[in-house]
Structure formats: structure tokens, C-alpha cells
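Participant: Below is a structure I'd like to ask you about.
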Amino acid sequence: MTTVETDVFQTLESEVRSYSRGWPTVFESASGSWLRSEDGKEYLDFFAGAGALNYGHNNPILKSALIDYIASDGITHGLDMQTVAKRQLLETFESKILAPRGLDYKVQFPGPTGTNSVESALKLARKVTGRSSIINFTNAFHGMTLGALSVTGNSMKRAGAGVPLVHATPMPFDNYFDGVTEDFHWFSRVLDDSGSGLNRPAAVIVETVQGEGGVNVARPEWLKALATLCSEREILLIVDDVQMGCGRTGPFFSFEIAGITPDIVTLSKSIGGYGLPMALTLFKRELDVWSPGEHNGTFRGNNPAFVTANAALDHYWSDEALSEATIAKGARIADAFTDLSNTFEGQVSTRGRGLVQGLVFADPDKASKVCGIAFDQGLLAETSGPSDEVVKLLPPLTITEDELDHGLRILADATHSVCS
Ligand SMILES: *Cc1c(COP(=O)(O)O)cnc(C)c1O
């Protein structure tokens with residue numbers, strides 16, 4: 001066994017580092033649902049790059065497409081030039097994803113991160129409507145650049161901006177009150193009241209399941225009502241599917257369950273398939289009012305990501321198998337978590353959809369303790385929510401049932417030792 005050398009991370013890397021604090025080892029390699037540290041320990045991954053690794057680490061199908069592409073001197077950096085890899089990806093995205101769902105979206109390649117996609121969505125909504133204000137939701141997370149941060153809820157992250165974050169108004173997300181009070185009361189009331197002081201918004205931005213915000217799940221009927229409210233008031237609806245898209249909740253787009261068609265959709269994290277940076281912004285054809293180059297970015301043409309994205313869409317989205325397996329595996333986690341909530345009633349509860357599932361602790365300290373014990377037992381799981389009170393599971397969609405059961409046993413044991 002070699003020792004794990006971590007000095008340089010403490011002496012040289014900024015204090016801003018975070019995941020490395022909860023998982024204080026040095027990772028060396030990974031495949032499928034497992035990471036290995038340099039001292040030879042194996043870690044089952046219930047985190048999957050915060051949802052960027054839906055198809056697992058170094059997925060062999062994507063890896064061989066990538067190796068072939070690199071070996072043939074395929075274009076690596078392409079700005080927004082036309083390339084063979086990009087043409088292939090656009091054609092596959094249309095035939096496997098958009099056309100079967102009856103979605104007539106134009107596709108924009110913003111810079112290759114989620115926050116870039118969100119920035120482009122907000123800019124476009126403002127340009128289309130000529131209005132500046134955006135409605136966001138309590139506990140939302142949309143990214144770290146100023147526009148995206150202005151529609152993000154977390155007060156610690158907002159404070160990091162160092163300037164006032166303006167032109168956004170938070171409204172209650174589904175179930176913010178008691179699940180009985182109609183959450184739209186306030187929103188529709190202030191929209192229609194000329195004395196409310198609410199500026200007429202350009203757009204509403206929403207996650208169907210708030211990942212970073214603590215696995216808060218919006219009901220399909222809530223999303224449907226939101227879409228109706230937006231279209232009646234001529235406000236654009238942006239669904240931020242950066243984390244919940246690409247099959248995380250079951251269907252490719254997380255909003256499919258509600259039968260709605262957002263005006264604008266953001267995708268990143270798992271769209272590149274292999275963990276390579278990539279993002280897409282999708283919008284209805286009539287909203288494509290951009291001037292050439294009005295929103296740009298040096299790394300919009302990350303062609304190796306286009307190759308792995310194409311391979312992932314082609315392999316995993318030609319039929320319903322992945323969606324169905326995701327829903328079945330999600331139910332397996334939900335069953336295990338329901339057992340825990342019954343055993344530790346009052347201390348633990350559960351919520352989720354598909355392969356994003358949360359174990360919610362009344363005492364936030366216990367959630368962190370469970371993740372700490374899990375790490376010692378060889379399992380990576382992170383906390384989320386405003387007080388880090390939720391153990392959030394985001395395993396690769398390709399995880400096997402045996403792997404899932406192995407990780408769930410570790411979590412159950414950890415919960416027993418923390419809560420009994
Ligand atoms: C992760 C995330 C973002 C930001 O993506 P980055 O690639 O980190 O910029 C935006 N929205 C949601 C919902 C996310 O989960």
C-alpha cells in the first residue's frame with residue numbers, strides 16, 4: 001500500500017476547494033460506478049460527478065468512440081465552426097431526442113458549463129421580451145456566474161458575488177408551505193396586482209427537482225400549472241435541466257413527466273456523456289433572435305465532447321430501456337429509504353424521483369455524519385439542502401442492482417449507528 005500524499009492541496013490549492021474536504025483521499029482511476037484512490041481503496045460512487053457521469057466513469061462505449069476520434073486527428077477545438085463531429089451530434093440529437101418528443105427547438109452551443117447555458121437562457125429571455133426581471137424559486141441552484149447566481153437561493157453562495165444581485169424575485173417552490181396551501185397564490189396574485197411592486201418578468205426559471213437545494217421534487221401538476229400561468233401572462237418558461245436532464249429522473253428531459261414544453265431548456269453536466277465539458281441551450285424556433293456572435297465563448301466547440309455525447313445518445317437513447325431501468329432503480333432506493341424513515345420516524349424522511357433520491361435528516365449534523373461514515377466504508381455520497389441536511393444520491397444510471405444494494409447497505413448501517 002502506498003501512502004496518500006495530500007500536502008500540496010493544503011499548501012497550494014485555494015481554500016475554495018470543497019469536495020476534497022469531505023473525501024480526503026487522492027483518486028487515481030475510475031471505471032463504471034467505482035473510483036480508486038492511489039492507496040488502492042475502492043469507492044462506490046453515489047455522486048457521479050454531481051450528475052455529470054450518468055453513464056458512469058470511462059464508459060467503454062463512449063471511451064472507444066473518443067479514442068478512435070483522437071487517434072484519427074479529429075478536430076479538438078472548434079469554436080463554433082462546422083465540423084463533422086458537430087454535424088453528427090446535431091443530427092443524432094434531432095433524431096433520437098427532439099423528433100420523437102415532438103420538440104421543435106433550435107440548439108445553441110454556449111460555453112461548456114451549466115452556468116453558461118443559464119446565462120444564455122436569461123439573456124435570450126430578456127432580449128426576446130425586452131423585460132429585465134426574472135422569477136426564480138426558493139432553494140434554486142443555477143450556477144456561479146453573476147446572472148445565474150442572481151437566480152440562485154443559497155445565501156452563502158450569493159454573498160460570494162460581492163455585488164448586489166438584482167433583477168430576480170424569488171417565489172415559493174412547490175411544497176414550500178405545507179403542501180396544502182396553493183403555492184401559486186402569491187405568485188399569480190402579485191403578477192396581476194398593479195400595486196404589488198413586482199416588475200413584469202421576462203421569464204421564470206425552474207428546476208423540476210432541485211438537486212443542490214435538497215432534492216425538492218415539484219409535482220407534475222405544479223409544473224403544469226406553472227407552465228399555464230407563464231403562457232397566459234406571456235412570460236417565458238425556462239427549465240434548468242442541467243442536473244435533472246439526460247435521464248436522471250427517468251425520461252431524457254425531466255419535464256416530460258408533466259407534459260409541458262418549456263420555452264427554453266438548459267442542458268449540461270451529462271450531455272457530454274463522458275464527463276467532458278459541454279452545454280446546450282434549447283429554445284423554441286421563434287425565440288431565436290440572437291445576432292451572430294452576440295453570445296459566444298472560446299470553448300463552445302469541444303468536439304471530443306460532441307463525439308462522446310453522440311455515442312451516448314445513440315447507444316442509450318434509441319429505446320426506453322435506460323429510462324425504465326432508472327425508474328426501477330430509483331424505486332429500489334426509495335424502498336430502502338422508506339424503511340429507514342419508518343424505523344427512525346421523526347428523525348429521517350425521504351423524497352426523490354428516478355435516480356435522484358434524498359434521505360432527509362431532521363438534524364443536519366447527522367446527514368454529514370452519515371456521509372462521513374459512508375466514505376470510511378468506501379462509498380461516496382454528498383449532502384445538499386440549505387443546511388446540508390439531505391444525503392443526496394446521484395449514482396450513475398448504469399449502476400448495477402448489486403452495486404446499488406451494496407451502497408444502500410452501507411448507508412443503512414451508517415444511519416442506524418448515527419440515529420439509534
Ligand atoms: C450544476 C448546475 C448548474 C451549474 O452548472 P456548472 O457546470 O457548475 O456551471 C446550473 N443549474 C443546475 C440545476 C445545476 O445542477
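The values are calculated or read from the model by the stated rules, or taken from the named source; none is laboratory data. Since the model is a prediction, treat every value here as computed from it, not as a measurement. All Cβ positions, glycine included, derive from the backbone under ideal geometry; neighbour counts span all protein chains shown. Please note that ligands, DNA and RNA were not included when accessible areas were found on the heavy atoms of the full protein model with its side chains. Shrake-Rupley method; radii C 1.70, N 1.55, O 1.52, S 1.80 Å.
Participant: Sort 60-72, 189-201 for me by packing, meaning the mean count of neighbouring Cβ atoms within 10 Å per residue, highest on top. Don't skip to the answer; put the middle values down first.
Facilitator: Numbers: 60-72: 14.8, 189-201: 12.5.
Highest-to-lowest ranking by the protection proxy: 60-72, 189-201.
Participant: Hey, can you rank 255-262, 320-327 by average C-beta count inside 10 Å, highest first? Can you show the working numbers first?
Facilitator: Numbers: 255-262: 20.0, 320-327: 16.2.
So the order, starting with the most tightly packed, is 255-262, 320-327.
Participant: On to the next question. Counting alpha carbon pairs within less than 8 Å and at least 6 residues apart, what relative contact order, in whole percent, applies to region 200-283?
Facilitator: Working: 135 pairs, mean separation 22.2, N = 84.
So the answer I get is 26 percent.
Participant: Hey, rough spin-label estimate for E91 and T228, points 7 angstrom out along Cα→Cβ, what's it come to in nanometres?
Facilitator: Rounded to a tenth, the inter-label distance reads 4.2 nm.
Participant: Under 11 Å from a label point 7 Å along Cα→Cβ of D68: give me every residue in region 296-320 with its amide N that close.
Facilitator: 311
Participant: Could you do me a favour and compute the accessible area per residue for region 74-316, 1.4 Å probe, result in Å²? The partial results should precede the final answer.
Facilitator: Numbers: 9870 Å² over 243 residues.
Per-residue accessible area for region 74-316 comes out at 41 Å².
Participant: Normalised by the empirical 2.2 N^0.38 Å for globular proteins, what value does the Cα Rg of region 140-266 take?
Facilitator: On the way: Rg = 14.5 Å, N = 127, 2.2 N^0.38 = 13.9 Å.
Rounded to two decimals, the normalised Rg is 1.04.
Participant: Now for a different question. What is the spin-label model distance, in nm, from S29 to H77 if the labels are put 7 Å beyond Cα along the C-beta direction?
Facilitator: Those two pseudo-labels are separated by 3.0 nm.
Participant: Follow-up. Please identify, among A121, A140, A225, the residue showing maximal mean-square fluctuation in a Gaussian network model of the chain using a 10 angstrom Cα cutoff.
Facilitator: Residue with maximal mean-square fluctuation among A121, A140, A225: A225.
Participant: With every protein chain left in place and a probe of 1.4 Å, what is the accessible surface of E15, to the nearest 10 Å²?
Facilitator: The accessible area comes out at roughly 130 Å².
Participant: I would also like to ask the following. Can you compute the FRET efficiency between A334 and T138 using 1/(1 + (r/R0)^6), with r the Cβ-Cβ distance and R0 = 25 Å? Round to the nearest 0.05. Spell out each step's value before the answer.
Facilitator: Values: r = 24 Å, r/R0 = 0.96.
According to the calculation, E is roughly 0.55.
Participant: Only bridges whose two residues both fall in region 74-316 count here: according to DSSP, what percent of them are antiparallel, nearest 5?
Facilitator: Values: 11 of 25 bridges.
The answer is about 45 percent antiparallel.
Participant: Does region 212-299 come out rounded, prolate or oblate, given a ≥ b ≥ c as the square roots of the eigenvalues of its C-alpha gyration tensor, rounded meaning a/c under 1.5 and, failing that, prolate meaning a/b above b/c? Write out the running numbers ahead of the final one.
Facilitator: Working: a/c = 2.33, a/b = 1.13, b/c = 2.06.
Note, shape of region 212-299 comes out oblate.
Participant: If I build a Gaussian network model for the chain, linking alpha-carbon pairs within less than 10 angstrom, which residue out of D376, D73, D39 has the largest mean-square fluctuation?
Facilitator: D73
Participant: For the chain, what is the calculated [θ] at 222 nm in deg cm²/dmol (nearest 500), taking -39500 (n - 2.57) for each run of four or more DSSP H residues and dividing by its residue count? Display every interim value, and only then the final one.
Facilitator: On the way: 14 runs with 151 residues, N = 420.
-11000 deg cm²/dmol, from helical runs alone.
Participant: Moving to a separate point now. Given a cut-off of under 8 Å on Cα pairs at least six residues apart, what relative contact order in percent is computed for region 74-316?
Facilitator: Working: 448 pairs, mean separation 73.3, N = 243.
RCO, region 74-316: 30 percent.
Participant: OK, next. Could you grab the relative contact order for the chain? Cα pairs under 8 Å, six or more apart, rounded to a whole percent.
Facilitator: Details: 833 pairs, mean separation 95.8, N = 420.
Relative contact order for the chain comes out at 23 percent.
Participant: Over all alpha-carbon pairs in region 336-386, figure out the percentage whose distance exceeds 12 Å. Don't skip to the end; give the middle numbers.
Facilitator: Values: 843 of 1275 pairs.
In whole percent, the long-distance tail amounts to 66.
Participant: If you find the alpha carbon centre of region 393-420 and of region 279-334, how far apart are they in angstrom?
Facilitator: With region 393-420 and region 279-334 each reduced to a Cα centre, they are spaced 28 Å.
Participant: While we're on this one: How are the Cα pair distances of region 74-316 distributed, in percent, across 10 Å bins from 0?
Facilitator: Each 10 Å bin holds this share of Cα pairs: 8, 33, 37, 18, 4, 0.
Participant: Follow-up. For region 1-75, what is one quarter of the convex hull surface built on the Cα atoms, given in nm²?
Facilitator: Numbers: hull surface 28.1 nm².
For region 1-75, averaging the hull's shadow over all directions gives 7.0 nm².
Participant: Please identify the DSSP H helices in the chain that span no less than 20 Å along the helix axis (Cα) and have a mean Kyte-Doolittle hydropathy of -0.5 or more. Walk me through the numbers on the way to the answer.
Facilitator: Numbers: long enough: 114-129 (23 Å, -0.19); 321-343 (33 Å, 0.16); 401-419 (26 Å, -0.22).
TM-like helix candidates: 114-129, 321-343, 401-419.
Participant: For region 290-420, compute Rh as the Kirkwood radius over C-alpha pairs and then the Stokes-Einstein diffusion coefficient at 4 °C and 1.567 mPa s; write the answer in µm²/s, rounded to an integer. Kindly include the intermediate steps, with their values, before the conclusion.
Facilitator: Numbers: Rh = 16.7 Å.
The calculation lands on 78 µm²/s.
Participant: I've got another one for you. Roughly how many percent of the accessible protein surface of region 310-420 is carbon and sulfur, given a 1.4 Å probe and a whole-percent answer? Intermediate values should be presented prior to the final figure.
Facilitator: Values: 2050 of 4490 Å².
That share works out to 46 percent.
Participant: Within region 33-133, how many Lys pairs that are eight or more residues apart, or on different chains, come under 20 Å at the alpha-carbon?
Facilitator: Details: K63/K86; K86/K96; K86/K106; K96/K106; K106/K123; K106/K127.
Here the count comes out as 6.
Participant: Taking every pair of Cα atoms in region 356-420, average 1/r, invert it to obtain the Kirkwood radius, and report Rg/Rh to two decimals.
Facilitator: Working: Rg = 11.2 Å, Rh = 11.8 Å.
That ratio equals 0.95.
Participant: What whole-number volume per residue, in cubic angstrom, does the convex hull of the C-alpha atoms of the chain give? Provide the component values of the computation, followed by the final result.
Facilitator: Working: hull volume 63.9 nm³, N = 420.
Cα convex hull per residue, to the nearest whole number: 152 Å³.
Participant: At what distance in angstrom do the alpha carbon centres of region 1-64 and region 216-240 lie from each other?
Facilitator: After rounding, the separation between the Cα centres reads 37 Å.
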